[in-house]
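> I'd like to ask some things about the structure below.
The values are calculated or read from the model by the stated rules, or taken from the named source; none is laboratory data. Since the model is a prediction, treat every value here as computed from it, not as a measurement. Note that each Cβ is placed from the backbone with ideal geometry, even for glycine, and that neighbours are counted across all protein chains shown. The accessibility values were calculated without ligands, DNA or RNA, using every heavy atom of the protein model including side chains. Shrake-Rupley method; radii C 1.70, N 1.55, O 1.52, S 1.80 Å.
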Amino acid sequence: MRVLMLGWEFPPFITGGLGTACYGLTKALSRRHTDITFVLPKTVDGEFQQDTHVRLLSQQSPSAAVGDRSPEAVASTYAYEPPLAATETKAFEHVTFKAVPARFKHPYPGGMEYISETSTVEQQVPARPDFNRPMGVLQASDIHRHGPASSPGDYSGDLVSESRRYAALCIDLAQGEEFDVIHAHDWLTFPAGMAVAAVHGKPLVVHIHSTEFDRSGELVHQPIYDVERRGLHAAMRVIAVSHLTKSILETRYSVDPSKIEVVYNGIENGEPMQAQTPERMSIEKGDKVVLFLGRITMQKGPEVFIAAAKKVLQKYDKVKFIMAGSGDKVRDVIELAAREGIGHKVTFTGFVRGDDVSRIFKLADVFVMPSVSEPFGIASLEAVSHDVPVIMSKTSGASEVLKHTLKVDFWDVDEIANKIIAVLKHKSLSEELKANADIELRKLTWDGAAQKCMEVYQAAIASMPT
């Protein structure tokens, strides 16, 4: 099986669970001898030069002429060097990574950083007079509209424009590739997936890690919703990360349920943890630690976490709270903690990755995920793998598979606080949650997810008209 995989992030450059999922799934597919060409948009700046895990061989062919649209000219091939032990050296031996230039780093509001218009990463995509796409799939005028970003906060406009630009580059890159199926992750890659499928006559599989309703609630960005809906209906098969997500696709996007397959995220069971337990710094002896880890955005319920923290501290003073992550609500949540008089009890770490994630979990006595809408919630699996009991929102996909966690309504601050106190005060409850959740976790592997994806690929290929 040969797969052209279209993604928007990959470790160590990640902003959310999408990158972590792409890493685990791609590695597991490679173990099954699936040949994958993984196409990513990349900014080329000092961050790449300093990192030891990704080595960019070239931005594009040095001899490429202006206007050259050959596969060698529009993308670079880079060697991925996994960050773990020597046993990882062949983990991606069936994967080829391709990078196309991008003008930003982060695909989420509040975290986007744009490259200046004079940056060397800026590669213009000249229009091709002979370029044509079927009506209702992707228009040439859409693909080649790639004007400068109007402002870093223009979430819908700038990213939609960049997704079209990415699509144009993927079309040219794909001319030099052999593949049987296209696997596109989340809406940003859907225009590229639809366009490549139309050009090459190959089946498109789209993978939904998060919908616009998860990210924005009822105040959806219409252009993003439109891209999502077109991609979902154009695909031969759809992969949803939970039944919760599948229900949203059926009710909000009118997707035929018969073409949706639920494939849960997994985790690398038995993978060695490299980090050591750090000094507790400002955390005093006897303090308990409650952890929030994720993007600090509306979707993740950070204000609920602060409200619950205040109620916990009214009954149990020897507790510290850690909020690890970045997002558009960081400043608001910091100010909220200060107004509530608990600012001295809450530590904001900013975005964490790699070994720092393990260090944070090693400090925690309980992990709380109060998400308003969580398609899956891969951080809950990471918490269990680090032997940390979990309290999670009922509106999370992970709650479908992790039965031995404490479930709460995201809006019920009193109940969240009560459950935090119960776990912190009752060691027997904490130990029972950890032991039983660990047993459940062993069934959630990326190898299992990869096997299901392979079955989806075969079904998509079989569904193609002859």
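> Residues in the stretch 374-390: is at least one open to solvent by 50 Å² or more (accessible area, probe 1.4 Å), more than 18 Å from A307 (Cα to Cα) and either assigned to a loop (DSSP other than H, G, I, E, B) or out of contact with any Cys (no Cβ under 6 Å at 6 or more places or on another chain) (or both)?
Yes, some residue in the stretch 374-390 is open to solvent by 50 Å² or more (accessible area, probe 1.4 Å), more than 18 Å from A307 (Cα to Cα) and either assigned to a loop (DSSP other than H, G, I, E, B) or out of contact with any Cys (no Cβ under 6 Å at 6 or more places or on another chain) (or both).
> While we're on this one: Go through the stretch 198-207 and count every residue that is aliphatic (A, V, I, L, M) and crowded, with 24+ Cβ neighbours inside 10 Å.
Within the stretch 198-207, the first condition is being aliphatic (A, V, I, L, M), and the residues that meet it are 198-199, 204-206.
This time we only want the ones that are crowded, with 24+ Cβ neighbours inside 10 Å, so: 204-206.
Selection size over the stretch 198-207: 3.
Rundown of residues vs (1) in contact with a strand residue (DSSP E or B) (Cβ under 8 Å, 6 or more places away or on another chain); (2) over 19 Å from V312 (Cβ atoms), yes/no style:
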{"residue": "A338", "(1), (2)": "no, no"}
{"residue": "K345", "(1), (2)": "yes, no"}
{"residue": "V366", "(1), (2)": "yes, no"}
{"residue": "E374", "(1), (2)": "yes, yes"}
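> Turning to a different aspect of this structure: Of everything in the stretch 420-444, what is within 22 Å of E400 (Cα to Cα) and open to solvent by 40 Å² or more (accessible area, probe 1.4 Å)? Give them in sequence order. Step through it out loud before you land on a result.
Within the stretch 420-444, the subset within 22 Å of E400 (Cα to Cα) is 420, 423, 429-444.
Selection gives L429, E431, E432, A435, N436, D438, I439, R442, K443.
> Taking the stretch 280-297 as the region of interest, how many residues are touching a residue at least 40 places away in the same chain (Cβ under 8 Å) and surrounded by fewer than 19 Cβ atoms within 10 Å (Cβ to Cβ)?
Here the count works out to 3.
> Here's a follow-up. How many residues are touching a helix residue (DSSP H, G or I) at 6+ places or on another chain (Cβ under 7 Å), open to solvent by 10 Å² or more (accessible area, probe 1.4 Å) and at pLDDT 90 or above if we restrict to the stretch 350-372?
Number satisfying all stated conditions: 3.
> Just need a number here: residues in the stretch 406-432 that are under 16 Å from F367 (Cβ atoms) and either polar (S, T, N, Q) or part of a loop (DSSP other than H, G, I, E, B) (or both). Walk me through it before giving the result.
From the stretch 406-432, those under 16 Å from F367 (Cβ atoms) are 406-408, 410, 416-417, 419-424, 429-432; that's our starting set.
Restricting the remaining residues to those that are either polar (S, T, N, Q) or part of a loop (DSSP other than H, G, I, E, B) (or both) gives 410, 430.
Final tally of qualifying residues: 2.
> Here's a follow-up. Considering each residue of the stretch 304-333, count those that are crowded, with 16+ Cβ neighbours inside 10 Å and not in a strand (DSSP E or B), and give that number. Full working, then the answer.
We begin by selecting, within the stretch 304-333, every residue crowded, with 16+ Cβ neighbours inside 10 Å; these are 304-313, 319-330, 333.
Imposing the further condition that a residue be not in a strand (DSSP E or B) reduces the set to 304-313, 325-330, 333.
Adding up the residues that qualify gives 17.
> Under the condition of being without any contact (Cβ under 8 Å) to a residue 24 or more places away in the chain and surrounded by fewer than 18 Cβ atoms within 10 Å (Cβ to Cβ), which residue from the stretch 228-253 is nearest to M194 (Cα to Cα)?
Taking the stretch 228-253 and keeping what is without any contact (Cβ under 8 Å) to a residue 24 or more places away in the chain, we get 233, 246-247, 250-251.
The next check asks that each one be surrounded by fewer than 18 Cβ atoms within 10 Å (Cβ to Cβ); those that pass are 233, 247, 250-251.
Details: H233: 10, S247: 23, E250: 20, T251: 22 Å.
Ranking the candidates gives H233 first.
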